[in-house]
Amino acid sequence: MCLCGDVNARMGELQDFIEGVDDIPLRNCIDISCNEYGELFHSHLNASNMCVLNGRTGDNRQNGFTCISTKGKSVVDYAWVPHEQLHHWNSFRVLRMSTLIDMFEVHAPESIPDHSVLCWELRLPSTLLSKNSTLLIHRKDPLIQILNEKYHFSTHMKISQDRTHHISSL
C-alpha cells in the first residue's frame, strides 16, 4: 500500500518513526520548516506505523521541493507507506513541472503548475506474480504513454487473478 498526495504538511525534521524501536533509515530533510499540518501528519504516521518515501529512498540529489511558487519552496506533497513495506519502494524522486516540459520538449503552457511530480519504483517479489496473471491496469493517459515511450516506464501491472478479484471486490 502506498498513499500519496498534497497534504499541505511541512514536517521539517520531525522523524516518522520511533528511534530505538523502528528500524527505519533517516530521511534527508530539505525543508526544515514545520507547520501545524506537519505536526498532525507526523502524529498520523507514527500512530499508523507509516513513513514517508520523500528523502529516504533513491538518489538524494533528486529529493526536491514539491511546491515551488512565488511564495517560496516547500515540501508539502508526500508518498507514505507502512514501515514493514518500505523495502519494496525505491528510487523516489521529485520532478519539477518545468523539468518535465523541457524533458518532453512540449510547448510550455501559460501557467506552469507549482507542484512537482513524485515518482518511485515498487519492487515486488516474483512470488506475487503467477502464470495466470491478468491485466489490472492499462492506462491510456498521454503522459503515461510519453513516459513509457521515452523512459520505458511500465503501463501494465500484472498480478495474480485471485488478487485481481480481491481488489475489484473492494
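The values are calculated or read from the model by the stated rules, or taken from the named source; none is laboratory data. Note that the structure is a prediction, hence the values are computed from the model and not measured. All Cβ positions, even for glycine, are placed from backbone atoms using ideal geometry, and neighbour counts span all protein chains on display. Just the protein is used for accessible areas: all its heavy atoms, side chains included, with ligands, DNA and RNA removed. Shrake-Rupley method; radii C 1.70, N 1.55, O 1.52, S 1.80 Å.
Given the condition under 20 Å from the mean Cα position of the chain (by Cα), assigned to a helix (DSSP H, G or I) and modelled with pLDDT under 90, answer yes or no: does some residue in segment 61-76 qualify? Within segment 61-76, one or more residues are under 20 Å from the mean Cα position of the chain (by Cα), assigned to a helix (DSSP H, G or I) and modelled with pLDDT under 90.
Counting just the residues of segment 82-94 that are without any contact (Cβ under 8 Å) to a residue 60 or more places away in the chain and open to solvent by 30 Å² or more (accessible area, probe 1.4 Å), which one comes out nearest to Val117 (Cα to Cα)? The selected residue is Arg93.
Residue-wise test of (1) in contact with a Ser or Thr (Cβ under 8 Å, 6 or more places away or on another chain); (2) at pLDDT below 90; (3) part of a loop (DSSP other than H, G, I, E, B); (4) exposed (fewer than 12 other Cβ atoms within 10 Å of the Cβ).
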| site | (1), (2), (3), (4) |
| --- | --- |
| Leu14 | no, no, yes, no |
| Phe17 | no, no, yes, no |
| Val21 | no, no, yes, yes |
| Pro25 | no, no, yes, yes |
| Asp31 | yes, no, yes, no |
| Gly38 | no, no, no, no |
| Phe41 | no, no, no, no |
| Asn46 | no, no, no, no |
| Gly58 | yes, yes, yes, no |
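Considering only residues that are charged (D, E, K, R) and either in contact with a Gly (Cβ under 6 Å, 6 or more places away or on another chain) or not in a helix (DSSP H, G or I) (or both), look in segment 77-106 and name the one that is farthest from Ala47 (Cα to Cα).
Within segment 77-106, the first condition is being charged (D, E, K, R), and the residues that meet it are 77, 84, 93, 96, 102, 105.
Going one step further and asking which of them are either in contact with a Gly (Cβ under 6 Å, 6 or more places away or on another chain) or not in a helix (DSSP H, G or I) (or both), we end up with 77, 93, 96, 105.
Details: Asp77: 20, Arg93: 26, Arg96: 31, Glu105: 44 Å.
Going through the qualifying residues, I end up with Glu105.
Note on segment 67-81: residues that are surrounded by 14 or more Cβ atoms within 10 Å (Cβ to Cβ) and farther than 30 Å from Pro125 by Cα total 6.
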